[in-house]
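Rule-based calculations on the coordinates, nothing more; no lab input. Just so we're clear, the structure is a prediction, and the values are computed from it rather than from any experiment. Neighbour counts are summed over all protein chains in view; Cβ atoms, including those assigned to glycine, are modelled from backbone coordinates with ideal geometry.
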Amino acid sequence: MPELPEVEAARLELEAGALGRRITSVDDHDTFVCRPHAPGELADALTGTTLTSAHRRGKSMWVDTDRGPVLGLHLGMAGRIAIDEEPDHWDRFAVGFADGGRMALRDKRRLSRAILDPDLSSLGPDAAEVSRGEFAQRVRRGRGPLKARLLDQSVVAGVGNLLADETLWRARLSPLLPASELRDDQAHALWRALRAATRDAIRMGGVHTGRLIVDRRHNRTCPRCGAELLRATVGGRTTFWCSREQAA
DNA sequence: ACCTATGTTGATAC
DNA sequence: GGTATCAACATAGG
């Protein structure tokens, strides 16, 4: 489930439940989730430290420790944070605290990541924070279809497949529109739609609460005008959009 | 059973 | 270098 809104919820869980607790054990045996680290590297760096703050940019999270090393966490496609829950078969990485509790990265699909001192240099500005001017400039820089630009984490960080469709639908823009040809008013509308869709998803509890997302499976009609929804692969992902309001 | 789909991202090929 | 495709993982559904 994790796009920006879900990751922000996970960050808040870390902030509320994991900070200030001293780590006394680390399970980093999953060499795929913990790549490129060898087993024990995360344990050596983190054991004895206390988590001090939890941050997020786009879909990437990182947690600072009182002794320097930074723990990077990414939820991948199906990961979530489990704090003080019973150990589970799907826990891919976990730390145990001195008070007996634990924090786990739980993920059936193993596409999540736990990594020391993560490199975030290729991430664009956070989708919930980016300014109107910077967004317009960055999104127009590329040549591909608009949706592909939104999904590119180096353009703006945090937009996934569902949030991209919801944002384009709110802005009444076609996902196929060449990004470099966006007019100023279109870029502005897209920026406003992105911020509104992101904020609403955070408030409502996730990207699945989006109006287009809710309806796309059911009636496959536009929740606003009732016209048929189109479906195609755009930017490598399944895409739904309104045949009337989002005409190219 | 087999094929497709799935919230992401990285490596690879043009 | 930007852009597109495929693979990585595991499960669910038609």
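Measuring max minus min along each principal axis, the C-alpha atoms of region A:1-91 give extents of 32, 27, 26 Å (largest first). Hydrodynamic estimate: the Kirkwood radius of chain A over Cα pairs, inserted into Stokes-Einstein at 20 °C and 1.002 mPa s, corresponds to D of 112 µm²/s.
Sorting the segments A:58-66, A:9-17 by their mean number of nearby beta carbons within 10 angstrom, highest to lowest, gives A:58-66, A:9-17.
Simple point charges give the picture: +1 on the Cβ of Lys and Arg, -1 on the Cβ of Asp and Glu, and for region A:61-184 a dipole about the Cα centre of about 800 debye.
Along region A:171-180 the Karplus relation, 6.51 cos²θ - 1.76 cosθ + 1.60 evaluated at θ = phi - 60°, assigns HN-Hα couplings of 7, 6, 10, 6, x, 8, 4, x, 4, 5 Hz to successive residues, with x for each Gly and Pro. Counted over region A:120-241 with a bin width of 5 Å, the fraction of Cα pairs per bin, in whole percents, is 2, 12, 23, 26, 21, 11, 4, 1, 0.
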